[in-house]
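The values are calculated or read from the model by the stated rules, or taken from the named source; none is laboratory data. From a predicted model like this one, the values you see are computed outputs, not experimental measurements. Backbone-built Cβ (ideal geometry, glycine too); neighbour counts: all protein chains shown. We work out accessible area using only protein heavy atoms, side chains counted, and drop any ligands, DNA or RNA first. Shrake-Rupley method; radii C 1.70, N 1.55, O 1.52, S 1.80 Å.
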Amino acid sequence: MKILVTGGTGYIGSHTAVELQKEGFGVLVIDNLCNSEKHVIDSIGEITGQKPLFEQIDLRDPEATMEVFSKHNDISGVIHFAALKAVGESVEKPLEYYHNNLFSMINLLKAMRETGISNLVFSSSCTVYGQPDQLPVNEKAPRKDAESPYGNTKKISEDIIEDTVRTTGMKAIALRYFNPIGAHGSALIGELPVGTPNNLVPYITQTAAGIRDHLRVFGNDYDTPDGTPIRDYIHVADLARAHVIAMNRMLRNQNKDRYEIFNLGTGNGFTVLEVIKSFEKVSGIKLNHKIVQRRPGDVEKVWADTTHANEELGWKAEKGLDEMMLSAWNWEKSLQAQKNKKS
Ligand code: NAD
Ligand code: UFG
């Protein structure tokens, strides 16, 4: 069976392509390479022994999108990762974010409807919960007003999908990721942040690699044990595995509703300082960091209630924080080695 993976040369998409192939699925990747590189297809092939098919198209283009579906008429399901994802940039460029993330979503759903493809897995985010009233947060918690245009595109996309499945024969599963980190054990694929990273873990590894002078810890006056914010960090390989399970659930008609939502996290929260400590432990490197002011828009603490995913999907995150940080560090070292080879 062939699964279309949009954004499949990106961070989470590439790890999911690997997991799909490991489970015997054929994979067709589409990506416009606005935030990833084509050689990732070769790296996936190196890991699995089989290169996925690849079409370089922009999902904002409805004709190009439809053409891919007409050309590949044996697609059983779609996993939709393609989106712009930088929260800060979305505040600066709201129209670009709404245009990219929502037009892509709509063009994809139209092409699926027109070609009769019914199974969709969508990358959503715990950002839809904002600062939850109760922790751990479960899927029934109210969605809050989005903190950014990026967050709003996730909320609106969830609504577009739900409205669409209610009126077509389609089925969909929205996966709300908590904080994906780490990289594949082979260190052949991982996150490729363009420019200065916004996220904590690539910033830590780049600082340790000497690319950044120091990590700024955004605030230590939160209501948490050490004053720094708490997140639920999840290994990208655990996350990728959940997509295969979600797709199989629909292909095997095991879904309980046409539209389902699952939190994907470990259920454990860690502070920023705990993440730094874990990194220092596994790398043996003392990380240069300074406490600075809070970053606007950051929530204080969030971690997942994973009961629904555990019980319904039969999925549980397996990897702990140290393993996540070690794989992130190995990936950073592999990136630096590649760069040194080129220069
Ligand atoms: P990524 O940027 O590494 O991958 C996204 C891919 O989509 C990139 O390869 C990019 O080139 C491609 N893309 C973007 N717009 C496109 C378009 N119009 N047409 C074709 N391709 C396009 O990001 P990621 O971290 O792998 O995230 C994947 C998905 O998961 C995104 O939807 C993101 O919003 C969501 N998500 C990510 C996180 C996170 O922390 N990484 C957290 C929650 C949700
Ligand atoms: N942090 C720092 N210094 C940095 C970067 C981050 O102290 O240089 C702190 C942040 O203040 C926060 C924690 O590290 O407390 C995590 O920050 P990230 O930027 O790594 O992640 P966020 O929780 O802010 O957001 C991420 C993605 C969003 C997504 C969300 C939930 O960027 O797109 O996880 O999945 F919506």
Problem - Net charge dipole size for segment 95-248 [Lys, Arg +1 and Asp, Glu -1 on Cβ; Debye, nearest 20] - result: 460 debye
Practice task
Would you work out if segment 219-343 is rounded, prolate or oblate? Take a ≥ b ≥ c from the square roots of the eigenvalues of the alpha-carbon gyration tensor; rounded if a/c is under 1.5, else prolate when a/b is larger than b/c, oblate otherwise.
Solution key: oblate
Practice task
Treating the angle as unsigned and between 0 and 90°, give the value, to the nearest 10°, between the Cα long axis of helix 11-22 and the longest Cα principal axis of the chain.
Solution key: 60 degrees
Exercise for the section: Return the carbon/sulfur percentage of the accessible area of segment 73-151, one whole number, probe 1.4 Å, all protein chains in place. Expected result: 50 percent
Exercise for the section: Using only protein heavy atoms and a 1.4 Å probe, report how much of LEU215 is accessible, in Å² to the nearest 10. Expected result: 10 Å²
Handout entry: Net lengthening on full extension, ASP213/LYS144 (0.36 nm per residue, minus Cα-Cα)
Key = 21.2 nm
Fill in the blank from the handout: ILE156 neighbourhood, Cβ < 13 Å, K/R = +1, D/E = -1, net charge -2
Problem - Using alpha-carbon coordinates, inclination of helix 149-167 to the longest axis of the chain, degrees - result: 30 degrees
Problem - Euclidean distance of C-alpha centroids, segment 273-343 and segment 30-97, integer Å - result: 25 Å
Problem - Using alpha-carbon coordinates, inclination of helix 104-115 to the longest axis of the chain, degrees - result: 30 degrees
Exercise for the section: For a label point 7 Å from the Cα of GLU312 along Cα→C-beta, name the residues of segment 235-275 whose backbone N is under 11 Å from it. Expected result: 255-263
Handout entry: Rounded to the nearest 10 Å², the accessible area of PHE178 at probe 1.4 Å
Key = 10 Å²
Fill in the blank from the handout: In deg cm²/dmol, rounded to the nearest 500, the helical mean residue ellipticity at 222 nm of the chain, built from -39500 (n - 2.57) for every DSSP H run of length 4 or more, is -12000 deg cm²/dmol
Completion exercise
Once all protein chains are kept in place, LYS2 shows an accessible area at probe 1.4 Å, nearest 10 Å², of 30 Å²
Exercise for the section: Please quote Rg/Rh for the chain to two decimal places, taking the Kirkwood radius as Rh and restricting both calculations to Cα atoms. Expected result: 0.95
Practice task
At a Cα cut-off below 27 Å, give the lysines reachable from LYS144, other chains included and same-chain residues fewer than 8 away excluded.
Solution key: LYS85, LYS93, LYS154, LYS155, LYS171, LYS256, LYS301, LYS316
Handout entry: Cross-link pairs LYS22/LYS341; LYS2/LYS339; LYS277/LYS319; LYS290/LYS342; LYS51/LYS277 - those with Cα-Cα distance over 28 Å
Key = LYS22/LYS341; LYS2/LYS339; LYS290/LYS342; LYS51/LYS277
Exercise for the section: Rounded, prolate or oblate: pick one for segment 88-133, where a ≥ b ≥ c are the square roots of the eigenvalues of its C-alpha gyration tensor, a/c under 1.5 means rounded, and failing that, prolate if a/b is larger than b/c, else oblate. Expected result: oblate
Exercise for the section: Please state the charge dipole magnitude for the chain, taken about the Cα centre, from unit charges on C-beta atoms (+1 on K and R, -1 on D and E), reported in debye and rounded to the nearest 20. Expected result: 440 debye
Fill in the blank from the handout: With all protein chains present and a 1.4 Å probe, the order of TRP303, TRP329, TRP315 from largest accessible area down is TRP303, TRP329, TRP315
Problem - Among beta bridges that DSSP assigns inside the chain, antiparallel share in %, nearest 5 - result: 5 percent
Fill in the blank from the handout: Quick calc, GLN50 & SER343: beta-carbon distance into FRET formula, R0 35 Å, rounding 0.05, result 0.65
Handout entry: Zone of GLN254's modelled label, taken as backbone nitrogen in segment 308-340 under 13 Å from a point 7 Å along Cα→Cβ
Key = 309-316
